[in-house]
Amino acid sequence: MRYLITGGAGFIGSHLAEELLARGHCVSVIDNLSTGSITNIEHLKPDDNFTYVIDDMANEPLLAELIDNCGVVFHLAAAVGVKLIVDSPVHTIETNVYGTRLVLKHAAKKKRKVVFASTSEVYGKSIKVPFSEDDDMVLGSTKKSRWSYAASKAVDEFLALSYAKEKKLPAVVVRLFNTVGPRQVGHYGMVIPTFITQALAGGPITVFGDGTQSRCFCYVKDVVSGLISLSETETAVGDVFNLGSDEEITINELAAKVRQLVNPAAKIEHIPYDQAYEEGFEDMRRRKPDISKIASLIGFKPTKNIDEILTLTADYIRNSSGDRN
Ligand code: UDP
């Protein structure tokens, strides 16, 4: 099988490419390197089953040809990272909506399966925890640019599900929760590589808000296995799935674990949200998935707990050349 991965030079995309190649498949990648990096796929270049193009998805003839030549598209290319979204909302909305529209349009023409990577952000400020796939979206005001990411991804979900219903496109929507592991960088606000890098540098570890907000972190290789299994499961088509870990931890607890593991001398500093992001910034208080649907369909179960994830990620950051963060 030949797979196309949009955003394949990104953190999750590069792990997905690696795993598909290891399973004997052919992989093509398109990435404009806006948040991805060529170093993420450097080790894949010698593989004869691997090809990549550095270009934008807005290059429609190229995208159409790549889709034509593959059996399944993993559509991961998107503007991601809360910091990036707050700083560049126009780029976020345009990239996410336009890119997805093009992928769906061309995949529908050729009846190629699309696995669309959506986000847990679409649950917004909902206080009904854990989040289940059929829950309401509770998004904040359009004056708060942070919600433009969730809204743009929600439009993408509507579009993918509409293509599935109306044009019989085999599409699967996957809502990714916080994913972590080697090659993730802290530039765009990702908390674990940020905390580890800060601790390695002697601190301080910067906790935003009061640190009582919580997240569930899933190891990237578990996420990749889930994505591949969903792509291979016919009954997943036309449906939406949460994908992530349901082991919840507060950001204060996370900071304490990183300090303990990486550098017990590092200080932990609390920074108000207004200062960390923008005035009036609204964080998601708790973000925990109900993973019973994906568990019952494909037997999904995370294999790594937070301590193992932190150890693996810290080892990677320590051993990488130092130019990753
Ligand atoms: N966060 C933090 N310090 C940082 C970066 C992030 O306290 O240097 C917090 C952030 O405010 C959020 C959580 O960590 O509550 C997870 O942030 P991240 O950007 O990794 O992902 P999110 O879950 O917000 O998409």
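Answer with yes or no whether S152 is in a helix (DSSP H, G or I), open to solvent by less than 10 Å² (accessible area, probe 1.4 Å) and under 29 Å from I249 (Cα atoms). First the steps, then the outcome.
Values: in a helix (DSSP H, G or I): yes; open to solvent by less than 10 Å² (accessible area, probe 1.4 Å): yes; under 29 Å from I249 (Cα atoms): yes.
Here the answer is yes, as S152 does meet what is asked.
As a summary of the residue check, S225 satisfies the conditions (1) within 12 Å of the ligand (Cβ to nearest atom); (2) open to solvent by 40 Å² or more (accessible area, probe 1.4 Å); (3) of a type in the set (S, T, Y) except for the one numbered (1). Among the residues of region 168-202, just one is in contact (Cβ under 8 Å) with a residue 60 or more places away in the chain, surrounded by fewer than 19 Cβ atoms within 10 Å (Cβ to Cβ), among the small types (G, A, S) and more than 12 Å from the ligand (Cβ to nearest atom), namely G202. Does at least one position in region 101-117 carry a residue that is within 15 Å of the ligand (Cβ to nearest atom), basic (K, R) and either exposed (fewer than 15 other Cβ atoms within 10 Å of the Cβ) or part of a loop (DSSP other than H, G, I, E, B) (or both)? No, every residue in region 101-117 fails to be within 15 Å of the ligand (Cβ to nearest atom), basic (K, R) and either exposed (fewer than 15 other Cβ atoms within 10 Å of the Cβ) or part of a loop (DSSP other than H, G, I, E, B) (or both). Taking the criterion of being crowded, with 17+ Cβ neighbours inside 10 Å and part of a strand (DSSP E or B), would at least one residue in region 130-138 satisfy it? So far as region 130-138 goes, yes, one or more of its residues are crowded, with 17+ Cβ neighbours inside 10 Å and part of a strand (DSSP E or B).
Considered as a group, the residues in region 264-279 that are among the small types (G, A, S) and part of a loop (DSSP other than H, G, I, E, B) include one that is farthest from A201 (Cα to Cα), and that residue is A265.
Residues in region 246-262 include none that are under 21 Å from V86 (Cβ atoms), more than 12 Å from the ligand (Cβ to nearest atom), without any contact (Cβ under 8 Å) to a residue 24 or more places away in the chain and surrounded by fewer than 18 Cβ atoms within 10 Å (Cβ to Cβ).
Against the definition (under 20 Å from A117 (Cα atoms) and of a type in the set (A, V, I, L, M, F, W, C)), how does L63 come out, yes or no? Reasoning before the result, please.
Values: under 20 Å from A117 (Cα atoms): yes; of a type in the set (A, V, I, L, M, F, W, C): yes.
In short, yes.
The strands (runs of 3 or more DSSP E) found wholly in region 171-257 and carrying at least 1 residues that are closer than 28 Å to H43 by Cα occupy 171-176, 240-243. Cβ separations smaller than 8 Å between residues 6+ apart or across chains give the following pairs from region 206-217 residues that are hydrophobic (A, V, I, L, M, F, W, C) and near the ligand (Cβ under 6 Å from one of its atoms) to residues that are open to solvent by 20 Å² or more (accessible area, probe 1.4 Å) and assigned to a loop (DSSP other than H, G, I, E, B): F208/P272; F208/Y277; F208/D283.
The values are calculated or read from the model by the stated rules, or taken from the named source; none is laboratory data. Just so you know, these numbers come straight off a predicted model, no measurement behind them. No Cβ is skipped: glycine too gets one built from the backbone with ideal geometry, and neighbour counts run over all protein chains shown. Keep in mind that these areas ignore ligands, DNA and RNA; they rest on the heavy atoms of the full protein, side chains included. Shrake-Rupley method; radii C 1.70, N 1.55, O 1.52, S 1.80 Å.
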